[in-house]
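Structure, as structure tokens:
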Amino acid sequence: MDDPEKRIPVLCLGPKGSGKTTLLKKLQNAEGIDNTYSPVPTIGTNIYDIYYLNKHGKKQMMSIREVGGEMAPLWHNYLDGVEKVIYVVDTSNLCQISAAAVLLYTLLAEPRLKSAKFILVLSKMDAAYRQMRNEALLMLQHTRLSTELSNAPTLLEASPLTGEGMEQLKAALCDTKIVSTF
Ligand SMILES: Nc1nc2c(ncn2[C@@H]2O[C@H](COP(=O)(O)OP(=O)(O)OP(=O)(O)O)[C@@H](O)[C@H]2O)c(=O)[nH]1
Ligand SMILES: [Mg+2]
């Protein structure tokens, strides 16, 4: 397990199996992220180095720390110095969404994350699961969060398997214009 003291500005959280590892691997432009890809559950944490072009066209590296869903009771150890939180919710698993919402609200109320930017990723937005999008947003009370919170999460719909939403996620992370050739 990595050292929680090591400052990594971007944290990727969400319930187990919500698709964090798959999403971050795809952000790294890893090969073979398709229907045959079967990641192992993250026991502990993983750090992913992501390369991107900044607004001056220069290649830069950003580190993102994933903390496995199994580690939810220990997430609070990793919040110091965090500037951005990618919160991944599995749209195909409506049974898990209420629990995901409670964990999200706890993070939004966390004083150490008061000025952090939240990116709420509805994952597994493959065609088969798209129909569940509205139910998922309702269960997360997304409309209420957007109107009542100053640090309301930015909503993104993504599927690492189809590539949907990946450029938007990169752009939201890098505060840079969308770059199509990377
Ligand atoms: N259909 C579909 N399945 C996905 C997608 N992303 C991830 N999965 C599957 O969901 C399962 C869990 O994915 P992971 O990326 O390991 O999830 P995780 O959030 O990292 O899980 P933990 O590390 O246990 O917290 C795997 O079987 C993936 O293949 C997606 O976009 N579409
Ligand atoms: Mg994982």
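The values are calculated or read from the model by the stated rules, or taken from the named source; none is laboratory data. Fair warning: this is a prediction, and the values are worked out from it, not measured in the lab. Virtual Cβ from ideal backbone geometry, glycine too; neighbours counted across all protein chains shown. Surface accessibility is based on the protein's heavy atoms, side chains included, excluding ligands, DNA and RNA. Shrake-Rupley method; radii C 1.70, N 1.55, O 1.52, S 1.80 Å.
A few points about this structure:
- Evaluating Q141 against the criteria (1) touching a residue at least 40 places away in the same chain (Cβ under 8 Å); (2) open to solvent by less than 50 Å² (accessible area, probe 1.4 Å) leaves one unmet condition, (2).
- Comparison of T91, T42 shows that the only residue that is crowded, with 21+ Cβ neighbours inside 10 Å and of a type in the set (S, T, Y) is T91.
- Boolean, Y105 is under 19 Å from P153 (Cα atoms), of a type in the set (F, W, Y) and assigned to a strand (DSSP E or B): no
- Residue check for V121: part of a strand (DSSP E or B) and either surrounded by 13 or more Cβ atoms within 10 Å (Cβ to Cβ) or touching a Leu at 6+ places or on another chain (Cβ under 8 Å) (or both): yes
- Tally of residues being open to solvent by less than 60 Å² (accessible area, probe 1.4 Å) and either within 8 Å of ligand 1 (Cβ to nearest atom) or not acidic (D, E) (or both) across the range 1-25: 17
- Test for V67: is it within 11 Å of ligand 1 (Cβ to nearest atom), crowded, with 17+ Cβ neighbours inside 10 Å and either among the aromatic types (F, W, Y) or farther than 16 Å from P41 by Cβ (or both): no
- Residue that is nearest to N151 (Cα to Cα) [pool: residues in the range 75-88 that are open to solvent by less than 60 Å² (accessible area, probe 1.4 Å) and more than 16 Å from ligand 2 (Cβ to nearest atom)]: K84
- Identity of the residue in the range 53-74, out of contact with any Cys (no Cβ under 6 Å at 6 or more places or on another chain) and assigned to a strand (DSSP E or B), that ends up nearest to ligand 2 (Cβ to nearest atom): V67
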